[in-house]
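J.: One structure follows; several queries about it will come next.
No value in this document is a laboratory result; all are computed from the given coordinates. What you see is a predicted model, and the numbers here were worked out from it, not measured in a lab. Positions of Cβ are generated from backbone atoms using ideal geometry, with glycine treated the same way; all protein chains shown enter the neighbour counts.
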Amino acid sequence: MKNNLWLVVLALAASAALWATPKNKQYRGELSDQLCGLSHPKLMQDARHCTINCIRGGSRYVLANKNKGMVYDIFGKTIPEELAGGKVIITGRWNKKRRAVRVYGIMPDNEK
């Protein structure tokens, strides 16, 4: 009888832990660089070339959401250069400690 009670307690604790686990979310925006963030200088050809040049110069990728006026640091997955400067959807999880989005997946956002 005591063993069954412990099994019930463990099952409840495990289910509570699963519910408390944060879920992956989708983040939409433009794949930019940390130096430019929400806007790129006019002297560059376009956002893609600007982002690529800044990344090659040592900057890091960020997700810029112009609608919300937010720039999110991102980390975790290698970002394909083909997506630089374009609209993307990132599947990831907010990391409080790093104050950044941990990227588990990234794809182009073809929605207009």
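J.: Where Lys and Arg each count +1 and Asp and Glu each count -1, what net charge lies around residue 29 among other residues with Cβ under 14 Å from its Cβ? Let's see the in-between values first.
T.: Numbers: positive: 25, 28, 66, 68, 87; negative: 30, 33, 73, 109, 111.
Value of the local net charge: 0.
J.: Now for a different question. Gain in length, residue 81 to residue 67, computed as 0.36 nm per residue apart minus the alpha-carbon separation, to one decimal in nm? The partial results should precede the final answer.
T.: Working: separation 14, 0.36 × 14 = 5.04 nm, distance 2.35 nm.
Here the segment from residue 81 to residue 67 would lengthen by 2.7 nm.
J.: For each of 109, 33, 46, count neighbouring Cβ atoms within 10 Å of the residue's Cβ, then give the residues from fewest to most.
T.: In order of increasing Cβ crowding within 10 Å: 46, 109, 33.
J.: What is the set of long-range amide H partners of residue 77 at a cut-off below 5 Å, with H atoms built 1.01 Å from backbone N?
T.: Amide H to amide H, under 5 Å and 5 or more residues apart or across chains, residue 77 pairs with 103.
J.: For residue 33, list long-range residues whose amide hydrogen, built 1.01 Å from N in the peptide plane, is under 5 Å from its own amide hydrogen.
T.: Here 62 satisfy the definition.
J.: Hey, another quick one. Using 1/(1 + (r/R0)^6) with R0 = 41 angstrom and r between the beta carbons of residue 43 and residue 94, what's the FRET efficiency to the nearest 0.05?
T.: Once the sixth-power term is evaluated, E becomes 0.75.
J.: Between their Cα atoms, which of 23/96; 23/77; 23/97; 23/87 are more than 20 Å away from each other? Write down the numbers at each step before the final one.
T.: Numbers: 23/96 14 Å; 23/77 17 Å; 23/97 17 Å; 23/87 23 Å.
In this structure, 23/87 lie more than 20 Å apart at Cα.
J.: Just order 26-32, 68-74 by mean Cβ neighbour count inside 10 Å, highest at the front, would you?
T.: With the highest mean Cβ count within 10 Å placed first, the list reads 26-32, 68-74.
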